[in-house]
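Let me begin by presenting the structure, written as structure tokens, before commenting on it.
The values are calculated or read from the model by the stated rules, or taken from the named source; none is laboratory data. All values derive from a computational prediction rather than experimental measurement. All Cβ positions, even for glycine, are placed from backbone atoms using ideal geometry, and neighbour counts span all protein chains on display.
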């Protein structure tokens, strides 16, 4: 394993993730939105996540900036990063599949929105967020740079902690006691732990 191969792996996983987002069989964008929590705060949170998981590491991969923050590649960590990213890709696939037309990039409730509690949603309430945490961890393991590597953990962490409570309040407003009962039997992102 070399730093170049690790960077290519990061890029490939990013492209696969992007392809999953554009999957042609997912038609959620055609379903009208009945409630949206998209505001300046939401756009700032999405921007923080995009910066940490996309912009900063991409600049590092293509321009090797910031070079001063490099540290020696540890091949075992890079292989672990690939394994973690494979799990995150699988989780993204399952999450999109299980959500179907309920999926949205932001805090949206669609017409005929249903509460999904099956598939990966039977284990955790926010498997998409679990996938992003894994993606950010994979980035930290793959990119041997003290800025670009952990940027995903910081950027996505800002989005997660700034959004998850608000999202759960939205779900309680929409589904009431059904969502409260679902919260009682599932963890947020790590089964049986958190």
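Quick check: is even one residue across region 132-149 in contact (Cβ under 8 Å) with a residue 60 or more places away in the chain, surrounded by fewer than 21 Cβ atoms within 10 Å (Cβ to Cβ) and part of a helix (DSSP H, G or I)?
Within region 132-149, none of the residues are in contact (Cβ under 8 Å) with a residue 60 or more places away in the chain, surrounded by fewer than 21 Cβ atoms within 10 Å (Cβ to Cβ) and part of a helix (DSSP H, G or I).
Being more than 24 Å from residue 35 (Cβ to Cβ), at pLDDT 90 or above and assigned to a helix (DSSP H, G or I), is that true of even one residue in region 94-109?
Looking through region 94-109, at least one residue is more than 24 Å from residue 35 (Cβ to Cβ), at pLDDT 90 or above and assigned to a helix (DSSP H, G or I).
Restricting the search to region 161-194, which residues are in contact with a helix residue (DSSP H, G or I) (Cβ under 6 Å, 6 or more places away or on another chain) and without any contact (Cβ under 8 Å) to a residue 60 or more places away in the chain?
So in region 161-194, the residues in contact with a helix residue (DSSP H, G or I) (Cβ under 6 Å, 6 or more places away or on another chain) come out as 162-163, 171-172, 179, 189.
The answer is 171, 172.
The rows are residues; the columns are (1) more than 18 Å from the chain's Cα centre (by Cα); (2) surrounded by 14 or more Cβ atoms within 10 Å (Cβ to Cβ); (3) more than 18 Å from residue 154 (Cβ to Cβ).
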{"residue": "54", "(1), (2), (3)": "no, yes, no"}
{"residue": "58", "(1), (2), (3)": "no, yes, no"}
{"residue": "66", "(1), (2), (3)": "yes, yes, no"}
{"residue": "76", "(1), (2), (3)": "yes, no, yes"}
{"residue": "80", "(1), (2), (3)": "yes, yes, yes"}
{"residue": "94", "(1), (2), (3)": "no, yes, yes"}
